[in-house]
Amino acid sequence: MKVKVIVTLKNGVLDPQGKAIQQTLNGMTFDNVSEVRQGKYFEIEVNENNESKAKSQVEEMCKKLLANLVIEDFKIL
Amino acid sequence: MKSSVIIFPGSNCDRDMDVALRKFGFKNQMVWHNDAEIPKSDLIVLPGGFSYGDYLRCGSIAGKSKIIKSVIDFANSGGLVLGICNGFQILTETGLLPGILQQNKYLNFICKNVFVKIKNKENKYFKKIKKEVLELHIAHNEGNYFCSSNELKSIEDNGQIAVTYCDHKGIEDEKNNPNGALKNIAGIFNKDKNILGMMPHPERMIDPFLSGEDGSIFFKTLIESL
């Protein structure tokens with residue numbers, strides 16, 4: 001089954017790319033954008049039919065590789 | 001003294017490091033990332049570059065490569081491990097050093113000479129260096145050191161800050177912080193001070209005609225300390 005994961009920066013961690021995107025949007029016609037935070041999205045095909053087993057495996061993957069828990073949080077969708 | 005430089009796909013400072021180590025008397029050997037074991041060494045170096053194309057996060061893929069288990073075992077048994085630039089990023093991704101190197105604050109790739117202040121000389125890397133400030137070269141896009149406030153307190157209390165960005169007189173202020181690093185941190189140790197990760201490249205400062213020679217001081221005194 002396919003498991004989807006979103007990795008985002010923790011609150012309070014500087015996101016210079018998000019800031020640059022926000023400023024660019026403000027400079028276009030979107031001047032009501034007050035903040036942009038950029039993250040990562042993964043689609044992981046796991047050879048496992050049991051949903052809870054697959055998700056718990058993906059959780060391990062997130063902790064060990066996909067996210068760096070010093071600055072990032074992850075959410076399994 | 002024997003040293004080993006680990007080469008990852010995308011490393012690009014491995015040859016410079018080899019030249020520097022040999023110039024100051026190390027018997028250096030190059031070790032491929034896919035090898036399982038590291039030959040007997042007094043020092044292991046993780047060189048600069050862009051291991052695995054900086055995919056996912058800088059140093060994250062190299063931090064799980066086949067050779068890394070041997071590096072971790074060597075480090076945990078007290079062996080000297082030096083990570084320069086991407087090597088520093090790899091050390092934080094393995095968990096051998098605390099914190100992480102984030103993208104530079106102003107989103108620019110920085111390539112220039114900087115001054116760094118030595119913050120702790122009670123270790124094999126710096127104990128024989130007489131100078132307080134070294135002029136070294138940096139070249140990176142992700143050198144903005146970050147850690148949680150609890151972690152920062154712990155590394156300060158344990159004397160783990162190795163070098164900080166400063167001016168030629170050793171003044172550490174925001175003006176002399178090239179990348180937004182927390183507390184101007186350019187390099188840190190682990191608790192036992194046998195592992196050093198730093199963004200500046202000493203191997204680029206070993207030729208009196210092409211650069212400064214503060215990198216020469218680093219390697220010359222390092223081999224004397226071993």
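Quick one: what pairs do we get from region A:6-19, first residue within 11 Å of chain B (Cβ to nearest Cβ), second surrounded by 15 or more Cβ atoms within 10 Å (Cβ to Cβ) and part of a helix (DSSP H, G or I), C-beta under 8 Å, 6+ apart or different chains?
A:Val7/A:Cys62; A:Val7/A:Leu66; A:Leu9/A:Gly18
With the requirement that a residue be of a type in the set (Val, Ile, Thr) and open to solvent by less than 60 Å² (accessible area, probe 1.4 Å), what does region A:9-23 give you?
Residue satisfying the conditions is A:Val13 alone.
Residue-wise test of (1) in a helix (DSSP H, G or I); (2) within 14 Å of chain A (Cβ to nearest Cβ); (3) touching a residue at least 40 places away in the same chain (Cβ under 8 Å).
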| site | (1), (2), (3) |
| --- | --- |
| B:Gly63 | yes, yes, no |
| B:Lys66 | no, no, no |
| B:Val71 | yes, no, yes |
| B:Ala75 | yes, no, yes |
| B:Gly83 | no, no, yes |
| B:Gly87 | yes, no, yes |
| B:Leu91 | yes, yes, yes |
| B:Pro98 | no, yes, yes |
| B:Asn104 | no, yes, yes |
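For A:Val36, are the conditions met, namely being away from every other protein chain (no Cβ under 13 Å), part of a helix (DSSP H, G or I) and either open to solvent by less than 70 Å² (accessible area, probe 1.4 Å) or not hydrophobic (A, V, I, L, M, F, W, C) (or both)?
no
B:Val45 is checked against (1) open to solvent by less than 10 Å² (accessible area, probe 1.4 Å); (2) hydrophobic (A, V, I, L, M, F, W, C); (3) more than 26 Å from B:Asn184 (Cα to Cα) and fails just one. What number does that condition carry?
Unmet for B:Val45, out of (1) open to solvent by less than 10 Å² (accessible area, probe 1.4 Å); (2) hydrophobic (A, V, I, L, M, F, W, C); (3) more than 26 Å from B:Asn184 (Cα to Cα): (3).
Would you point out which residue out of B:Gly170, B:Gly187 is in a loop (DSSP other than H, G, I, E, B) and either among the basic types (Lys, Arg) or open to solvent by less than 50 Å² (accessible area, probe 1.4 Å) (or both)?
After ruling out the rest, the residue left standing is B:Gly170.
From (1) closer than 24 Å to B:Leu46 by Cα; (2) within 14 Å of another protein chain (Cβ to nearest Cβ); (3) without any contact (Cβ under 8 Å) to a residue 60 or more places away in the chain; (4) over 12 Å from the mean Cα position of the chain (by Cα), pick out the condition that doesn't hold for B:Asn150.
B:Asn150 satisfies every listed condition except (1).
In region A:17-36, which residues are farther than 23 Å from B:Asn108 by Cα and among the charged types (D, E, K, R)?
Matches in region A:17-36: A:Asp31 only.
Working carefully through the options B:Phe209, B:Phe218, find the one that is of a type in the set (Phe, Trp, Tyr) and closer than 18 Å to B:Lys121 by Cβ.
It is B:Phe218.
Going by the structure shown, is B:Lys112 away from chain A (no Cβ under 14 Å) and in a loop (DSSP other than H, G, I, E, B)?
no
If I filter region B:44-55 for residues that are of a type in the set (Ser, Thr, Tyr), under 24 Å from A:Leu66 (Cα atoms), within 14 Å of chain A (Cβ to nearest Cβ) and in contact (Cβ under 8 Å) with a residue 12 or more places away in the chain, do I get at least one hit?
Yes - at least one qualifying residue is present in region B:44-55.
The values are calculated or read from the model by the stated rules, or taken from the named source; none is laboratory data. Here the structure is a predicted model, which means the values were calculated and not measured. Methodologically, a virtual Cβ is constructed for each residue, glycine included, from the backbone with ideal geometry; neighbour enumeration extends over all protein chains shown. Only protein heavy atoms, including side chains, enter the accessible area calculation; ligands, DNA and RNA are left aside. Shrake-Rupley method; radii C 1.70, N 1.55, O 1.52, S 1.80 Å.
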